[in-house]
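One structure below.
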Amino acid sequence: QVQLVESGGGLVQAGGSLRLACATSGRTLLMVHMSWYRQAPGKEREFVASVRGSRAYYGDSVKGRFTISRENTENTVYLQMNNLKPDDSAVYYCAAGTTLDPTQYWGQGTQVTVSL
């Protein structure tokens with residue numbers, strides 16, 4: 001089993017920044033994929049970013065503004081979010097998984113609210 005705990009969400013004004021953290025524990029050695037997704041009320045869950053080894057991938061809506069990073073010594077994945085917009089408001093979820101199932105495990109989510 002793998003446990004994921006997100007933190008760092010909150011309320012921020014448009015143009016501001018937040019850094020989300022996803023702390024992992026348990027059998028994390030095989031968790032080569034680490035991802036962030038988000039879901040706003042009434043919308044489907046949306047891919048935000050993922051990291052596998054040294055390669056990072058981003059959703060089109062966050063490219064150039066968000067950065068995902070993984071600190072293996074801390075078993076933590078971060079999502080640095082800059083130049084936030086009201087449309088970025090959502091619950092942000094961390095996911096971890098193997099090559100065969102990249103989103104096998106999910107955290108409980110952390111709320112991000114961006115005001116005008």
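Worth pointing out:
- Each Cα pair under 8 Å and six or more residues apart adds its sequence gap; the mean of these over the residue count of the chain is a relative contact order of 36 percent.
- The 3J(HN,Hα) values that the Karplus relation (6.51, -1.76, 1.60; θ = phi - 60°) gives for region 64-80 are, in residue order, x, 10, 10, 9, 9, 8, 10, 9, 5, 5, 9, 6, 10, 10, 10, 10, 7 Hz. Gly and Pro appear as x.
- If you take all other residues with their beta carbon under 13 Å from the beta carbon of A14, and give Lys and Arg +1 and Asp and Glu -1, the sum is 0.
- Over the chain, the hull volume per residue, using the convex hull of the C-alpha atoms, is 95 Å³.
- For L18, the accessible surface of its heavy atoms amounts to roughly 30 Å² (probe 1.4 Å, protein chains only, rounded to the nearest 10).
- Solvent exposure of S7, expressed as accessible area, is near 60 Å², computed with a probe of 1.4 Å over the protein chains only.
- Around T28: net Lys/Arg minus Asp/Glu count, Cβ-Cβ under 13 Å: 0
- Relative contact order computed over region 67-116 (Cα-Cα under 8 Å; 6+ residues apart), in percent: 31
- Qualifying GluC sites (Glu not before Pro) in region 46-88, where qualification requires a DSSP coil assignment and no more than 11 other C-beta atoms within 10 Å, comprise E74.
- When K85, K43 are compared by accessible area of protein heavy atoms, the largest-first order is K43, K85, using a 1.4 Å probe.
- Net charge dipole, region 42-113: roughly 160 debye, given to the nearest 20, about the Cα centre with Cβ charges of +1 for Lys and Arg and -1 for Asp and Glu.
- Here r is the Cβ-Cβ distance between D101 and Q13 and R0 is 30 Å; the resulting FRET efficiency, rounded to 0.05, is 0.20.
- The label point for D60 and the one for L30, both projected 7 Å from the Cα toward the Cβ, are 3.5 nm apart.
The values are calculated or read from the model by the stated rules, or taken from the named source; none is laboratory data. Please read all numbers here as calculations on a predicted model, not as lab measurements. All Cβ positions, glycine included, derive from the backbone under ideal geometry; neighbour counts span all protein chains shown. These area figures cover heavy atoms from the full protein model, side chains too; ligands, DNA and RNA do not enter into them. Shrake-Rupley method; radii C 1.70, N 1.55, O 1.52, S 1.80 Å.
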